[in-house]
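The values are calculated or read from the model by the stated rules, or taken from the named source; none is laboratory data. If you're wondering where the values come from, they're calculated on a predicted model, not measured in any experiment. Cβ placement follows ideal geometry from the backbone for every residue including glycine, while neighbour counts extend to all protein chains displayed.
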Amino acid sequence: NAGVMQNPRHLVRRRGQEARLRCSPMKGHSHVYWYRQLPEEGLKFMVYLQKENIIDESGMPKERFSAEFPKEGPSILRIQQVVRGDSAAYFCASSPLRADEQFFGPGTRLTVL
Amino acid sequence: AQKITQTQPGMFVQEKEAVTLDCTYDTSDPSYGLFWYKQPSSGEMIFLIYQGSYDQQNATEGRYSLNFQKARKSANLVISASQLGDSAMYFCAMRGNTGGFKTIFGAGTRLFVKA
């Protein structure tokens, strides 16, 4: 049973470009969470999704950021018109049930030039 | 509001000795879960241990144990017989089991194990 997969592992974008981060949860997991980690800081919750539904997006910036978890395929975190302040590690986690332990992916390190 | 506080930015421990990493929390949820994660220099997040707020006994997983003191709202991680491979960042986290679904993380403690 493969763990949580994230790709790409490293992503470099220029200011103003779009970044798409993908997360494939563990098999049988229908709950996906996205977190952002700035250098030397802890993880900050961004959004919690179940298949085709956004459950809690209270940690998402109001503009430029969006997330989806379609019926088929991976969850996508999309950042439009990236700025230097978006440079961070973005982690995805999944769980089989809401209250269960979350299993983390390896993260995507976004660098905005 | 929920809050996790880790007051030790860095800790040193001698190999084979035990070390305690502090974590205090604040929440209004009657039911919640507490987690510890390890983040080595490679960057991945590794789950270590979980404690439910209604669990009667402190959680243990191998060399890791969680010293849960509910009245004091503390959930300290104890690592026994430290190994060089334990050198990493350690994050305490909490998720309320009612209402919101967020997991919030502390700022982390960097542990250095000395040979």
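I need a count of the residues in the range A:75-99 that are in contact (Cβ under 8 Å) with a residue 60 or more places away in the chain and either of a type outside the set (Lys, Arg) or closer than 16 Å to A:Trp34 by Cβ (or both). Write out each step before concluding.
Let us first name the residues in the range A:75-99 that are in contact (Cβ under 8 Å) with a residue 60 or more places away in the chain, namely A:78-84, A:86, A:90-98.
Right, trim to either of a type outside the set (Lys, Arg) or closer than 16 Å to A:Trp34 by Cβ (or both) and you get A:78-83, A:86, A:90-98.
Matching residues across the range A:75-99 total 16.
B:Ala81 - would you say it is of a type outside the set (Phe, Trp, Tyr), modelled with pLDDT of 95 or more and part of a strand (DSSP E or B)? Considered against the rule, which asks whether it is of a type outside the set (Phe, Trp, Tyr), modelled with pLDDT of 95 or more and part of a strand (DSSP E or B), B:Ala81 comes out as no.
For the range B:97-107, the criterion of a residue being part of a loop (DSSP other than H, G, I, E, B), loosely packed, with under 13 Cβ neighbours inside 10 Å and within 13 Å of chain A (Cβ to nearest Cβ) is satisfied by at least one position.
Restricting attention to the range B:18-36, the residues being buried (at least 17 other Cβ atoms within 10 Å of the Cβ), more than 11 Å from chain A (Cβ to nearest Cβ) and touching a Lys or Arg at 6+ places or on another chain (Cβ under 6 Å) number 2. Across the range A:39-57, the number of residues qualifying as modelled with pLDDT of 90 or more and assigned to a loop (DSSP other than H, G, I, E, B) comes to 1. Scanning the range A:81-97 for residues that are in contact with a Phe, Trp or Tyr (Cβ under 8 Å, 6 or more places away or on another chain) and more than 11 Å from chain B (Cβ to nearest Cβ) yields a count of 2.
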